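Read through the structure below, which is laid out as structure tokens, and then see the notes.
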Amino acid sequence: MTTDEFRRNSDNFCYRHPDRQSFVLCQRCLRTICPECQTQAAVGVICPECLRDQQRAQTPAQAKAQRRWQRSTVSPVAVRDGRPVMTYGIIAVTVVLFITQLIPNSPTLQLFAFNSLFVFPGGPAPFEPWRLLTVLVTHSGFWHVGLNMLALFMIGGSLEPLLGRWRFLALYLISGLGGSVAVALLAPATTVVGASGAIFGMFGALLVIGRHVGANITGIAIVIGINLAISFVPLLIGLFGGAVSGPQISWQAHVGGLAVGALIGLIFARTRSAARRGVQIGLLSATTVGLLALLLLPPVIYG
């Protein structure tokens, strides 16, 4: 269900298919277009009318060069037909690496799990900053990887066509980075695994973008609230003297990923037009640099 404000705002829907919501604009005329109406061009995706105008204006030499370019490049499936191939790719990589963890004496978990000790040069552990992101593809068990990948499949299947594959990948990775940084700040020297930071980042972005376009966000807000409450259950049990067995839930990664994902969702919502593409890239870069700069705090705070 959507709000009246959402239904009245035609800019939130494809101009050729008014019943289809989209977050992607034609890079020439700036009209909203759904995945079916998108065609990849040198400047980004364009609508069918702009494509025909462009083809009419081409000289024979340009048309020939265009045909050669199309034959020599990989079709951008995620943009042309709306299939969330980036989501599928992340799931495939994560599942394959989880399978390698099941091999006896496999070093996957030891190489990819995150601990803040690995991101401080000169510390007690080797300097291995890639763990800030490789933690996203390591999991503690079948339920852990299964639930995370199910959430990625369900949310990514809707969010990736809405944003476009590269914006979606940026959201996933930077949110995951935010989760790792939060663990380094709030739970130093703690080893964590899992894609939960990135998953909560998608939740946060979906919440902000939905609010921006006037959608009814009550449902997603309730889901986020329930998941956050579950994240804090082990912490509350420990505070009241209870014992928690088995792998612990990293509420720090959840909160960090959610906050960063919401920030990225706001950036996407406010820099939607092609004219602000440079601003969007700059803000995403600044967010990444800012998160990395926060890693300077734990050695100061905790010595």
Linear extension gain, Glu49 paired with Trp166, 0.36 nm per residue minus alpha-carbon span: 39.7 nm
Starting from the Cα of Val289, step 7 Å along the direction of its Cβ; do the same at Val85; then give the gap between the two resulting points in nm. 3.2
If R₀ is 41 angstrom, what is the calculated FRET efficiency for the pair His17 and Val93, using the beta carbon separation as r and rounding to 0.05? 0.80
Plugging the Cβ-Cβ distance of Gln110 and Glu36 into 1/(1 + (r/R0)^6) at R0 = 41 Å yields, to the nearest 0.05, a FRET efficiency of 0.35
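A short reminder: the numbers here are calculations on the coordinates, not readings from a lab. For clarity, every value in this text was computed on a predicted model and none was experimentally measured. Cβ: placed from backbone, ideal geometry, glycine included. Neighbour counts: every protein chain shown.
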